[in-house]
Amino acid sequence: MTRAFTFPGITTRVVFGSGTIAQTADELARLGHSRALVLSTPNQEDDAQTLADRLGDKAAGVFAGAAMHTPVEVTEQAVQAFRAMEADCVISLGGGSTTGLGKAIAVRTGADQIAIPTTYAGSEMTDILGETAGGEKTTRRDPAIRPEVVIYDVDLTLTLPVGLTVTSALNAIAHAMEGFYAPDRNPVIEALCRDAMRAFKTAIPRLVQDPTDRDARAEALFAAWCCSTTLGQVTMALHHKLAHVLGGSFGMPHAETHAVLLPHTTAFNAVAVPDLLAPIAEVFGTPTGAGLWDFAKATGAPLRLADLGLAEADLPRAAEIAMKNRYWNPRPFTEADIRNLLQAAFTGTRPAS
Ligand code: NAD
């Protein structure tokens, strides 16, 4: 008999394809809005301005100050700009940093959001917002945080550098990895995760060869949607906790840190739930953590926390912080387990399980 489950439903409207950014004005009209503030990082300001120009009088202006880990000082400036321009909604054009700023404005103003993601990080389908104040990152979940519309345009991902393409994909795979064993998983999520693993496995090596391969970009972006949906629907565990600790307390880069941790957190939990993680082993090879490590190595991903700027002397404090605010994980762990896991990720050894 099929296992009992609850599927909470997907409330976000999704538009997926090539050239879909052209539908932004229609989506704005559908939401009943006519003055959007377009958000981006400084890097993607030109793209944000092009979108604003295209929207004409439907755009209130551009705020191009989005930054990683959503610093509250930036959010305050953006909210000021939102109010000064008399905007009635936000359009977030960019990766997780820009989507995060859109969410931070939305929770403070009640604004609707259209997210147009250009990486595979996966913030767009979630009700999660992480914010940094005074050097500390806190995360909350609230239905008001979830964007109303997500427009996936494959064309916008053609410029994603190869390095970020690989690490951002591994960041997305981490959502699926924890989705497979999440206590509140359901068959819809499991199906999405299986599809995502297969799509990334074929698309990423092709994109390493040719980052402008449109078919591979489409496969990867579809997989990113599956993984983002997973992140937005089910409970994450040890892997996300460790990435959060390293990003929030040690300023480690988001996608790269997820990429380095993934084989090690997978290996640690595969010992406890080999059957639930079998779809990963089927796609990437065995043992499960080592299969992901081999894939990461073959695609040129960073393999060592040491190379991302973490000091070995920081490992005990990272393990100590990770033990605070206990959270669910399929395999129980001690502080010593976390130390060992972080040490393996620090030196980049191939996992044994
Ligand atoms: P990012 O958004 O910081 O982007 C990294 C850099 O790449 C930026 O300079 C950006 O402008 C540039 N870039 C993005 N797309 C590009 C493209 N197509 N072409 C060229 N350059 C491009 O990085 P990220 O990894 O996407 O997001 C990381 C942030 O997202 C973190 O703050 C993380 O906490 C957050 N996040 C939140 C959630 C959530 O559900 N709340 C989920 C995932 C990530």
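The values are calculated or read from the model by the stated rules, or taken from the named source; none is laboratory data. Because the structure is a prediction, the values reported are computed rather than measured. Ideal geometry is used to build each Cβ from the backbone, glycine not excepted, and the neighbour counts take in all protein chains shown. Note: accessible area is taken over every heavy atom of the protein model, side chains too, but ligands, DNA and RNA are not part of it. Shrake-Rupley method; radii C 1.70, N 1.55, O 1.52, S 1.80 Å.
For the stretch 197-214, the set of residues classified as of a type in the set (Lys, Arg) and without any contact (Cβ under 8 Å) to a residue 24 or more places away in the chain consists of ARG206 only. Residue pairs whose Cβ atoms lie under 7 Å apart, sitting 6 or more positions apart in sequence or on different chains, and linking a residue in the stretch 143-165 that is free of Cβ contacts under 8 Å to residues at least 12 places away in the same chain to a partner that is within 6 Å of the ligand (Cβ to nearest atom), do not occur here.
What is the residue count in the stretch 295-310 for residues that are out of contact with any Asp or Glu (no Cβ under 6 Å at 6 or more places or on another chain) and either assigned to a helix (DSSP H, G or I) or surrounded by fewer than 18 Cβ atoms within 10 Å (Cβ to Cβ) (or both)? Step through it out loud before you land on a result.
Start the filter on the stretch 295-310 by keeping residues that are out of contact with any Asp or Glu (no Cβ under 6 Å at 6 or more places or on another chain), which leaves 295-301, 303-307, 309-310.
Those left that are additionally either assigned to a helix (DSSP H, G or I) or surrounded by fewer than 18 Cβ atoms within 10 Å (Cβ to Cβ) (or both): 295-298, 300, 304-307, 309.
So the count comes out to 10.
Taking the stretch 117-128 as the range and being within 19 Å of THR139 (Cα to Cα), in a loop (DSSP other than H, G, I, E, B), more than 8 Å from the chain's Cα centre (by Cα) and within 6 Å of the ligand (Cβ to nearest atom) as the test, only THR126 passes.
So is ALA313 in a loop (DSSP other than H, G, I, E, B) and over 21 Å from PHE200 (Cα atoms) or not? So that I can check it myself, show each step before the final result.
On the way: in a loop (DSSP other than H, G, I, E, B): no; over 21 Å from PHE200 (Cα atoms): yes.
Answer is no for this residue.
Can GLN80 be described as more than 29 Å from HIS244 (Cα to Cα) and either assigned by TED's automatic domain parsing to the domain that holds PRO117 or among the aliphatic types (A, V, I, L, M) (or both)?
On the way: more than 29 Å from HIS244 (Cα to Cα): no; either assigned by TED's automatic domain parsing to the domain that holds PRO117 or among the aliphatic types (A, V, I, L, M) (or both): yes.
Here the answer is no, as GLN80 does not meet what is asked.
Restricted to the stretch 206-265, and to residues there that are β-branched (Val, Ile, Thr) and surrounded by 19 or more Cβ atoms within 10 Å (Cβ to Cβ), the residue that is farthest from SER168 (Cα to Cα) is VAL234.
Would it be correct to say that ARG214 is in the same structural domain as ALA272 (by TED's automatic domain parsing), among the basic types (Lys, Arg), touching a Ser or Thr at 6+ places or on another chain (Cβ under 9 Å) and under 18 Å from ALA278 (Cβ atoms)? It would help to see each step written out before you state the result.
On the way: in the same structural domain as ALA272 (by TED's automatic domain parsing): yes; among the basic types (Lys, Arg): yes; touching a Ser or Thr at 6+ places or on another chain (Cβ under 9 Å): yes; under 18 Å from ALA278 (Cβ atoms): no.
For ARG214, the condition - in the same structural domain as ALA272 (by TED's automatic domain parsing), among the basic types (Lys, Arg), touching a Ser or Thr at 6+ places or on another chain (Cβ under 9 Å) and under 18 Å from ALA278 (Cβ atoms) - is not met.
Can you name the residue in the stretch 129-174 that is within 7 Å of the ligand (Cβ to nearest atom), aliphatic (A, V, I, L, M) and part of a helix (DSSP H, G or I) and, of all such residues, is surrounded by the most Cβ atoms within 10 Å (Cβ to Cβ)? Among those that are within 7 Å of the ligand (Cβ to nearest atom), aliphatic (A, V, I, L, M) and part of a helix (DSSP H, G or I), it is LEU156. Residues that are assigned to a loop (DSSP other than H, G, I, E, B) and small (Gly, Ala, Ser) within the stretch 257-294 comprise ALA272, GLY285, listed in sequence order. Being basic (Lys, Arg) and in a helix (DSSP H, G or I) is the filter here, so list the residues in the stretch 316-353 that pass it. Hits for the stretch 316-353 are ARG317, ARG339. Among the residues of the stretch 181-193, not a single one is touching an Asp or Glu at 6+ places or on another chain (Cβ under 9 Å) and either in a helix (DSSP H, G or I) or outside the structural domain of GLY289 (by TED's automatic domain parsing) (or both).
Looking at ILE114, ILE91, which is the one that is in a strand (DSSP E or B), open to solvent by less than 30 Å² (accessible area, probe 1.4 Å), in contact with a Gly (Cβ under 8 Å, 6 or more places away or on another chain) and among the aliphatic types (A, V, I, L, M)?
Details: ILE114 fails: in contact with a Gly (Cβ under 8 Å, 6 or more places away or on another chain).
The match here is ILE91.
ARG194 fulfils the conditions (1) without any contact (Cβ under 8 Å) to a residue 40 or more places away in the chain; (2) more than 10 Å from the ligand (Cβ to nearest atom) except for a single criterion, (1). Per the listing VAL234, VAL245, the residue uniquely free of Cβ contacts under 8 Å to residues at least 60 places away in the same chain and within 19 Å of the chain's Cα centre (by Cα) is VAL234. For THR98, state whether it is open to solvent by 30 Å² or more (accessible area, probe 1.4 Å) and either out of contact with any His (no Cβ under 8 Å at 6 or more places or on another chain) or in the same structural domain as THR41 (by TED's automatic domain parsing) (or both). No; evaluated as a whole, the condition is false for this residue.
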